[in-house]
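Please treat every number below as a calculation from the coordinates, not as lab data. Since this is a predicted model, take the numbers as computed values, not measurements. Because the Cβ atoms are built from the backbone with ideal geometry, glycine has one as well, and the counts that use them run over all protein chains shown.
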Amino acid sequence: MELRIVYDNEAKEGLESDWGFSCLIETGNKKLLFDTGASGAILSRNMEKLGIKKEELEIIALSHEHWDHIGGLESVLHPNVAVYVPRAFTRGTKVRIKETAAELFEVSGPADIIPGVHTTGELGTGIKEQSLVLDTSEGVVVLTGCAHPGLSVILDAAKVFGVVSGVIGGFHGFDNLELLDGLRTIIPCHCTVHKSEIMDMYQDKAVWCGAGAVIEI
Ligand SMILES: [Zn+2]
Ligand SMILES: [Zn+2]
């Protein structure tokens with residue numbers, strides 16, 4: 001399975017950085033886009049530079065209904081895409097998705113999306129958020145949007161799909177850094193407040209995240 005960061009607060013040269021997050025997952029012959037960044041224009045330009053066409057996306061999964069994750073949605077919706085959102089999304093957003101997309105799935109509990117890709121279901125008491133759980137040959141890797149429900153809550157929820165061996169995405173204010181100790185892959189992105197501390201503490205396995213980063217899991 002290959003992940004490509006399409007939108008992030010940081011970027012490789014030639015790509016645009018902006019506050020927000022989007023990650024492409026390619027597995028088998030399927031392409032899934034997780035979150036869509038804040039700006040459709042920036043998302044589209046980064047996708048073009050990375051050679052990703054929106055028509056190739058079979059699935060779009062949205063972590064939570066914040067502008068920096070759903071802002072680019074309309075620029076990637078197309079009539080053959082299935083969209084997965086937490087059930088708590090507002091009616092207005094759901095209606096807009098249904099107007100263009102082939103199908104809208106409202107996620108509540110843990111579920112399978114495509115082979116090898118699962119959702120934790122919507123978590124959290126304030127902002128409801130889903131994270132993705134990706135199968136690898138050595139446990140599962142968790143992909144988060146902003147981790148508003150708390151990274152430890154999300155990692156716990158992911159355990160129903162296997163032993164958690166890695167985590168990628170926005171960790172928000174997560175500061176219990178010792179909790180990451182047993183993981184093989186640690187890739188803090190987007191809104192992670194303690195990104196530099198995590199990179200320092202886990203120098204042997206933490207990997208830089210930014211638009212253009214390619215991650216094989
Ligand atoms: Zn957020
Ligand atoms: Zn965010």
Non-local Lys pairs in the chain, i.e. 8 or more apart or on different chains, that have alpha carbons under 18 Å apart: 10
GLU216-LYS53 FRET efficiency (beta carbon distance; Förster radius 25 Å; 0.05 resolution): 0.70
Fraction of alpha-carbon pairs over 15 Å apart in region 129-191 - percent: 40
Cα centre as origin, Lys/Arg/Asp/Glu Cβ charges: the chain dipole, Debye: 540
Value at 222 nm in deg cm²/dmol, rounded to 500, when DSSP H runs of n ≥ 4 in the chain each add -39,500 (n - 2.57): -5000 deg cm²/dmol
DSSP beta bridges in the chain [antiparallel fraction, %, rounded to 5]: 50
Per the chain, cysteines lacking a partner by the 4.7 Å Cβ criterion: CYS23, CYS146, CYS191
